Structures are given as structure tokens and as C-alpha cells.
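Computed from the coordinates by the stated procedures, all read-outs in this text should not be read as laboratory data. All figures in this text were calculated on a predicted structure; none of them were measured in a lab. No Cβ is skipped: glycine too gets one built from the backbone with ideal geometry, and neighbour counts run over all protein chains shown.
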Amino acid sequence: MDLQKYINHLFQSIKSKLSEWLSLEDGETILAEDVYRFLHSIKGTSGTLQLVNLMQVSDGLLNKLDRYKKEWDITDLKTFLFPIIELTYSHENFNESVISDEPVFHTNAPLIQIIDDDVSLLMLLKDVLEEKNWIVVTNTNPDKAVKQYFEMKPDCLILDIQLPHKDGFQVLQEIQEHNEKHFIPTIMISIKNNKQTRIEAYQKGADDFLNKPIDIQELVAKIERHLQRKRIFEQSVLIDELTQVYNRKFLVESLPRFFQHFNRSKEEFSICIVDIDFFKKINDTYGHLMGDKVLKEFAQYLKSHIRTLDMIYRYGGEEFVIVFPKTTNKEAKGRIEELIKGFSQKVFSHNDIDFSVSFSAGVFTVEDESVTMDEAFKRADSSLYEAKRLGRARVECSQLVDNVYQKVILNISVVDDDIIIRTILAQILESLTIKHVELNIKVFENGPSFLNSEHAKEDINHFLILDGIMPIMDGLEVLQKIKQSSNAHRYKVLMLTGRKSKNEIEHALKLGADDYVIKPFYVRELKERIERMLNRMK
Ligand code: GH3
Ligand code: MG
């Protein structure tokens, strides 16, 4: 029996019911009994059609229903039914009836930036490279590209030589001026494959060259190799030989980044300086070799007992710095106390003599923009001094008292004529929590209602997800109007475009769209992408 016909029919009827409900205004209600019947019928039919995932999802929702509830508020219902909405969308677009648990992108996925004015090539490369689970940003405009380069700090740059207004060499020069210390592999691509061009590329800072037409496999292999070398490079020169943790050089380089991240995210982080107690005595009593061994084991102990996102550096001698991202003063103190306790229980032996070693620590937590790096460091250091003074093997903390955060407000809009997509996007956005940022989300079914809204005109940063093709006013026209408006600089625009619409993408990028996503999109992938963009917008 051909089940597909019935499966399609089932999804069609689910979709039509959902569309009916989702079109209701906020504040309107649905009878709880109708919701029950809807889910019950999905469960029954999906079981018959062997749609295991749909059956489980509907069964799960049925079990969550409150028997005494009389009616549903439409806003709550949208959230409640989201798994069904997502499944319906996936089925319609990908013929998939399972929700995959795995996010498509890994959080630390490499970011590749491609700068080229050939949109067909950009689209193709984006497609291919995204299949490798890399995140790809594309630019046709060199000025915008340079700006985006500094904002996004890609892990690999692919740069065409022939560009409008400015050539790839000039772009390279602008980047190099600001970027001497960073190691970002750059592959130049060009149709001009003569020796002179290649030499010029290398002289101006390119790491690699590939001639057009591009052999995709070769490009992918090159990128893979560059990313691998970047990782090795970052590790090798920045690691302290004796203790195998990051060195002071790397601390000096990376500390500003924690502060920059804080300024954007307002996520507090703690800086901790630790120092072995009476280390001189260890050297004097057991010799320097033993001293070295203690140092090594101390560093390894710390390293293996902190989270992977925490960073540890050898600051000098027997002094180390640990940076705990996303960690409050109290949490940092708790963690250090455990480390002190754990490490002091460790037994060292030298010529049959057992001994133990302790350390002291000073913590300062950055939770206010007014604190400079030097100040933060000095305060952590004076806390360490205090810990030594108060008897050692302890941690002392310092914290600014008046830590009142100002929440940053970010306007977000979704403009799409399709109710299911609007709902999915709104749900994605509402599910995001970006620390110290208040997301002010609104959805619009067409361009004019968005453009005329107060929301669109407000003088605050705005993230706009814009459908390319809409009946009343085309997405590109909306984009153009936004880019011509007085608060154009406030906007970051993500275009949703059709798979085959090269012209539309070309046009969108020319008009200043910041990124595009091809419809149909995978919900989880898009969520990840949006989250990244928002985090970089703060
Ligand atoms: P306190 O508890 O107050 O920190 O006393 P301390 O003796 O640990 O600190 P002090 O600064 O007086 O001495 C640190 C000693 O660490 C001095 C130096 O010779 C030794 N040291 C520094 N680097 C190394 C190293 O790489 N290996 C060895 N074995 N010793 C080192
Ligand atoms: Mg010491």
C-alpha cells in the first residue's frame, strides 16, 4: 500500500488546522477540547502510518495536557504545539518526519568568509562548505567585507582579486594593517593565473592561491589543511614548555578578548591568579627538578579540573592565571576552594619522603564596563596577596559592589507572508536567551505593515529576518527602503531566499543584506545561525 499519499494528506490537514489557529490574534482562545482532539487524532493516524516520531511527539503533548484546563491562550498554544509545527514544516520541505536531536552546526564550527562578486560562485561555495558543517559568510562588496571581517573574525578567508571599486589586494592590505598579529589563513582566488599575480598575492599576505575556475575538491582540501594548521599554530607557540598550559604571551593576547566579549555580551567572567605556597622551600628542600615536577603536576591538576571553556595560563614562575568565562564571583570562589582542597590532598614523594603542596588564589570578577584590564588584574593580585596574608591555602575575592546592569534592547522583526514560517521563526527567537540583552520580537506579514510600524523606526539596533518573495511588497523593496532610511546603520538583515533565485541573492547582497539563508531551512541550523548573529550584534 502506498502510505505516502496518506502521510501527505495527514500533514496537509495538520497544516491547515495549525494555520487556522496561528492566524488568530494574540489574546484569542481555543477550546482545550479542540486541542485534545487535534492531538488525539494525530496520534492515532500517525501510529497507523508508522510515523513513529510524530506519534511520540503527539503522545508526549497529550500527556502534558491539563485535564481541567478549559481553554488555551493562542500565545501559549503556539509554544506548546511547536514540536508539531516544526515536524509539519520539515515534512513539507524535506519530506522528513523526524526531529533530529543533533544540531547541524557545532558551537565551535569554523567560520569561513568568502569575498567575491560572482554570486553564482558564492552560492555554490556556500552550499558546499556548509555541508562540511562550517559556517560561511559571503560578501560581494569589499568595504562591507572588511567591516564584516573585523566583526566576525573568520577562521579562514577566501578572497577574489577582481572586485568592484577595490581589488582583493587592497582588501588584503586593509586587513593586514589592523591584523598583523592574527593568523587567519587567506586563500586568494583569481582568473588571472600568471606568475606575477601569484607573487603579488603572496607578497601582500596571502597564504595560498587558487585559480578560477575553482576546483571545489581542491579548495575544500586546502581549507581543511589551513584550518588544521591554524589550530596547531595557535597551540604550539602559545604553550608553556614546562607545564603545557598557555603561556604569558597568550594571556596578554587573549585577555583583551575577554574584555571585548564582555563589552558585547555583558556576561561576567572571573579572573583568578593562583600561586603555590612556599614554593621556594620546595626547591630548597627537594631540589629544582622536584620543583619542576610539582609545577608540572600543579598545572595539569588545574587544567584537568576546570571546564573546557575555562582558560589557564602560566603567568610566570609558580604563578598561574585562570579565566573563568560566564562565572560569577561566588561560583569562581566555590570552584577555587574545591581545587585548593583537592590539590592539597595530593601526595608528592621525594626519596621516600612524602609531602603535600598548597596554593593560594585571588579572584576578581568583571561585571562592570568601567573596569579596565589593568585594574582587574591588580585587584585579583591584591586579593591573592590578601589570601597569602591571611594564612595561605585559601582564596580571597574582590568584586565591585555597584554592579547594576543596563540591559541592551535589541529589536527583532520577522517579515514573512507564510504563517507557519512566521510562527517557527518567532518561536526560535523567543527561545533564545542572550545575556543582558532584551529581545523585542515582532512579526509582520508584509513589508508595509513592518515599515510603517513604530518598531521599525525606533533608533535602536535591529535584526531583521526578511522573506525575499512576498505578495504585497517584495522583500528586496523592503530591504532597499530600510537601507535608505536614516537608521539604516542600526540594521542587520538576514534574507530568506529561494533555492534557485540567484538574481535575488545578488540583488540582496548588493542592497546590503548581511547574510542569506536558503528556504527551506533546517530549523535547528537556522536557530544556531541566528544565535550567532545576535551574539555578534550586541
Ligand atoms: P609564597 O607562598 O609567599 O608564594 O612563597 P613562595 O616561596 O612560593 O614564593 P617566592 O616568590 O618567594 O618564590 C618562588 C620561587 O619559585 C622562586 C623561584 O626560584 C622559583 N621558581 C620560579 N620558576 C621556577 C621554575 O620554573 N622551576 C622551579 N623549580 N622553580 C621556579
Ligand atoms: Mg609562591
> In which sequence would Thr372, Thr140 go, from the one with the fewest C-beta neighbours within 10 Å to the one with the most?
Replying inline: Thr372, Thr140
> To the nearest 20 debye, what charge dipole does region 111-236 have about its Cα centre, counting +1 at the Cβ of each Lys and Arg and -1 at the Cβ of each Asp and Glu?
Replying inline: 300
> Under a point-charge model restricted to the Cβ atoms of Lys and Arg (+1) and Asp and Glu (-1), what is the dipole moment magnitude of region 248-398 relative to its Cα centre, in debye to the nearest 20?
Replying inline: 180
> With the dipole of the chain worked out from charges on the C-beta (+1 for Lys and Arg, -1 for Asp and Glu) around the Cα centre, which of Tyr516, Val220, Gly342 lies farthest toward the positive end?
Replying inline: Gly342
>> Give me Rg/Rg_expected for region 227-386, where Rg uses Cα atoms only and Rg_expected = 2.2 N^0.38 Å with N residues.
In response: 1.08
> Measuring from centroid to centroid over Cα atoms, what is the spacing of region 465-533 and region 58-90 in Å?
Replying inline: 30
>> Per DSSP helix of 4 or more residues, -39500 (n - 2.57); summed, then divided by the residues of the chain. What does that give at 222 nm, rounded to the nearest 500?
In response: -15500 deg cm²/dmol
> Could you give the semi-axes, largest first, of the ellipsoid that matches the chain, computed as the square roots of 5 times the alpha carbon gyration tensor eigenvalues and rounded to whole Å?
Replying inline: 47, 34, 23
>> Rounded to the nearest angstrom and ordered from largest down, what semi-axes does the equivalent ellipsoid of region 4-94 get from its C-alpha gyration tensor (root of 5λ)?
In response: 22, 15, 10
>> Using a 10 Å cut-off around each Cβ, can you sort Glu224, Glu506 from fewest to most neighbouring Cβ atoms?
In response: Glu224, Glu506
>> If the only charges are +1 at each Lys and Arg Cβ and -1 at each Asp and Glu Cβ, what is the size of the charge dipole of region 4-94 around the Cα centre, to the nearest 20 debye?
In response: 460
> Quick one: if the Förster radius is 25 Å, what FRET efficiency do Leu65 and Ser449 give, using the C-beta to C-beta distance and rounding to 0.05?
Replying inline: 0.15
> Which of the aspartates and glutamates could be linked to Lys266 by a straight reach, that is with a Cα gap under 16 Å, when you skip same-chain ones fewer than 8 residues away?
Replying inline: Glu367, Asp368, Glu369, Asp402, Glu438, Glu531
>> Quick one: 3J(HN,Hα) in Hz for region 12-22, Karplus 6.51/-1.76/1.60 with θ = phi - 60°, rounded, Gly and Pro as x.
In response: 4, 6, 4, 4, 5, 5, 4, 4, 4, 5, 5
> Roughly what % antiparallel, to the nearest 5, for the DSSP beta bridges in the chain?
Replying inline: 35
> Which of Lys15/Lys78; Lys195/Lys222; Lys43/Lys70; Lys144/Lys195; Lys15/Lys69 have a Cα-Cα distance over 18 Å?
Replying inline: Lys195/Lys222; Lys43/Lys70; Lys144/Lys195; Lys15/Lys69
> Which GluC sites (Glu not before Pro) in region 421-504 pass both tests, a DSSP loop state and at most 15 other beta-carbon atoms within 10 Å?
Replying inline: Glu458
> Out of residues 5 or more away from Asn247 or on other chains, whose amide H comes under 5 Å of its own, with H placed 1.01 Å from N in the peptide plane?
Replying inline: Ile239, Asp240, Arg314
>> Within 10 Å of each candidate Cβ there may be at most 14 other Cβ atoms; applying that plus a DSSP loop requirement, which trypsin sites (Lys or Arg not before Pro) in region 142-219 survive?
In response: Lys181, Lys192
> Direction-averaged shadow area of the convex hull around the Cα atoms of region 111-236, nm²?
Replying inline: 7.2
>> Report the rotationally averaged projected area of region 379-538 based on its alpha-carbon convex hull, in square nanometres.
In response: 12.9
> Which Cα, out of Met533, Tyr286, Gln176, lies furthest along the positive dipole direction of the chain (beta carbon charges, K/R +1, D/E -1)?
Replying inline: Tyr286
>> Loop only by DSSP, 13 or fewer other Cβ within 10 Å of the Cβ. Give me the GluC sites (Glu not before Pro) in region 119-193 that pass, ordered by residue number.
In response: Glu180
>> For Ile434, Ile412, which order do you get if you count the other beta carbons within 10 Å of each Cβ and list the fewest first?
In response: Ile434, Ile412
> Put +1 on the Cβ of each Lys and Arg and -1 on the Cβ of each Asp and Glu in the chain; which of Ile428, Asn329, Tyr491 then has its Cα farthest toward the positive end of the dipole?
Replying inline: Asn329
>> Report the Cα centroid-to-centroid distance between region 240-312 and region 1-38 in angstrom, as an integer.
In response: 57
